[in-house]
Amino acid sequence: VVISISRYDAEVLSGLTRRTRVSIANATAAEFFALAPPGPTEPRLLFAGGLIPLKNPLGLVNAFAEAPQRVPDARLILVGPQPDTDYREVICETVTALGLTDCVEIVDQVANERMLQEIAAARAVVLFSRQENAPTIIAQAMAAGKPVVASRVGGVPEMVNDGETGFLVSSEDESALADRLARVLADQPLCRRMGDRAHEIALNRFAPRAIAELTVQAYRTALSQEES
């Protein structure tokens, strides 16, 4: 039995094995579920991931530039490892050139406790990647009852239901991303509805108990095939 963490992952593996394939997501820790239901938040967005071109935080910054014009108190925080110092410098220069130094914050990789705090403080989580499988931050955000705005790549559409638990945009479409960011920043009731639904789905898809039960089933399937 081969376990895939998403249908996208299973498609990539297709043809590489003739064994039974099952899809089981990675579990999300209980402390993220404990953040739901969230309380009122400031118009604050969280990006969590490596500051690398594949994650396209530069495109995110470009799209966010419109947000303060429509939502004056809008804020964006970028959290994650920064292995490419040249690319980080380009992001910082872009933040300055766009006049966003007062509303965009860049933070290096943080401990789990700080990440919990950042997710709790965010109105929505955003990811504008060019390629993904099943991003951990999306599952964590959903568990915490937060909507997600993300690019429609890899396994992301399996996690985010467009218009129901967040918004999906085409990769590289900064204009569409800017529109969706402004919507979530300006509409807290919308974010609460989307976040509640995201949490409900996460309980069935990412909770440790649910993942454990599916994994036990996978082992039973493997054992039954070996016996036969």
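Note on region 98-131: residues that are open to solvent by 10 Å² or more (accessible area, probe 1.4 Å), touching a residue at least 60 places away in the same chain (Cβ under 8 Å) and either among the β-branched types (Val, Ile, Thr) or within 12 Å of Arg44 (Cα to Cα) (or both) amount to 4.
Filter region 138-155 for residues that are under 20 Å from Glu172 (Cβ atoms) and under 8 Å from the mean Cα position of the chain (by Cα) and give the result. Ile138, Val148, Val149, Ala150, listed by residue number. Only one entry of Ala182, Ala134 meets the criterion of being under 12 Å from the mean Cα position of the chain (by Cα) and either modelled with pLDDT of 95 or more or open to solvent by less than 40 Å² (accessible area, probe 1.4 Å) (or both), and that entry is Ala134.
Summed over region 12-32, residues that are more than 25 Å from Leu203 (Cα to Cα) and not small (Gly, Ala, Ser) total 7. Looking across region 95-108, just one residue is farther than 22 Å from Asp179 by Cα and not in a strand (DSSP E or B), and that is Asp108. In region 150-178, the qualifying residues are those that are within 19 Å of Gln69 (Cα to Cα) and touching a residue at least 40 places away in the same chain (Cβ under 8 Å), and the one that is most open to solvent (accessible area, probe 1.4 Å) is Ser175.
In region 77-96, the residues that are within 19 Å of Asn112 (Cβ to Cβ) form Cβ pairs under 6 Å with partners that are of a type in the set (Phe, Trp, Tyr) and modelled with pLDDT of 95 or more, at six or more places apart or across chains, as follows: Leu78/Phe47. Filtered by the rule that a residue be over 17 Å from Phe32 (Cα atoms) and of a type in the set (Lys, Arg), region 158-207 gives Arg180, Arg183, Arg193.
The values are calculated or read from the model by the stated rules, or taken from the named source; none is laboratory data. Predicted model only: the values in this text are computed from it and were never measured. Neighbour counts are summed over all protein chains in view; Cβ atoms, including those assigned to glycine, are modelled from backbone coordinates with ideal geometry. The protein model used for the area step is the full one, side chains on, heavy atoms only, and it has no ligands, DNA or RNA in it. Shrake-Rupley method; radii C 1.70, N 1.55, O 1.52, S 1.80 Å.
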